[in-house]
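Remarks on the structure that follows.
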Amino acid sequence: MCIFVSMLGLKLPTDPRWVNIAEKSIGDILIDHAFCEQKAATTCISIIVQYADREVLVDKLSPIVAEEWGHFRRVLKEMKARGVKLDKKRKDEYVNKLLAFQRKGLTEDLVLLEKLLTCALIEARSCERFRLLSIECLEPELRQFYHEFMVSEAGHYRLFMDLAEHFLPKEVVRKRWQEYLDFEAEMLPTLELRGDRVH
């Protein structure tokens, strides 16, 4: 397995065919990418609002909101340069399955853990896929574009994991994280390999 995938904790690398399919429909990838950045910003806002009394969380996530929204605008700029218009939001089966995997009816701390680990996993998988685009795309501009996003997503993944371990015992976090990783490894092969989706 790729060392990079292992560093992110992921148990299954992306099917190598994905990046070739994605590059052929880069306009669709950019549209989906834009919505991913928008959703990341609004998810962080939602977490801040729900846990507004947790100063550390608010302090750490507030800059991420601004960064993700900046990413959204940057992707829109790239789309405009390519003559690609934002379309209607697409169903994200990958994210929906992760949300369904979240445990319900828990204490406030454990509900927060589910949210943080879901965000961490989405960021880790996005990071892995952006890395593929950063090394496989034929256009040098796109390689640089996605290299920068890869670096950013890696930092976000680490931040969500650090926040989880700040609010809950490390052993609790790591046990549940392994369950998420196992679930994702089983879930990925069931999804259609699509070149118009980041996930």
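Values in this text are rule-based calculations from the coordinates and carry no lab data. Predicted model, so just to flag it, every value in this text is computed and none were measured. Cβ coordinates were reconstructed from backbone atoms using ideal geometry, including for glycine residues, and neighbour counts include every protein chain displayed.
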Stretch gain in nm, segment residue 103-residue 141, where the contour uses 0.36 nm per residue and the Cα spacing is subtracted: 9.6 nm
Packing rank of 58-68, 169-179, where each peptide gets the mean count of other beta carbons within 10 Å, highest leading: 58-68, 169-179
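Please report the net charge: other residues with Cβ closer than 12 Å to the Cβ of residue 126, K and R +1, D and E -1.
On the way: positive: 39, 125, 129, 131, 197; negative: 32, 37, 68, 92, 123, 128, 153.
Around residue 126, the surrounding residues sum to -2.
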For the chain, what are the DSSP H helices with axial Cα length of 24 Å or more and mean Kyte-Doolittle hydropathy of at least 0.0? 26-50, 108-136
When 23, 37 are ordered from fewest to most other Cβ atoms inside 10 Å of their Cβ, what list results? 23, 37
Could you tell me which of the pairs 11/39; 60/89; 115/175 are separated by over 20 angstrom between their Cα atoms in the structure shown? 11/39; 60/89
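How do 137, 127 line up, fewest other C-beta atoms within 10 Å first? Mind showing how you got there, number by number?
Working: 137 19, 127 24.
Lowest to highest Cβ neighbour count: 137, 127.
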Give me 187, 150 ranked fewest to most by other Cβ atoms within 10 Å of their Cβ, as a rough exposure proxy. 187, 150
Considering the convex hull of the alpha carbon atoms of segment 1-138, report its projected area averaged over all viewing directions, in nm², one decimal. 9.5
Pick from 29, 47, 122 the residue whose mean-square fluctuation is largest in a GNM of the chain, springs joining Cα atoms under 10 Å. 47
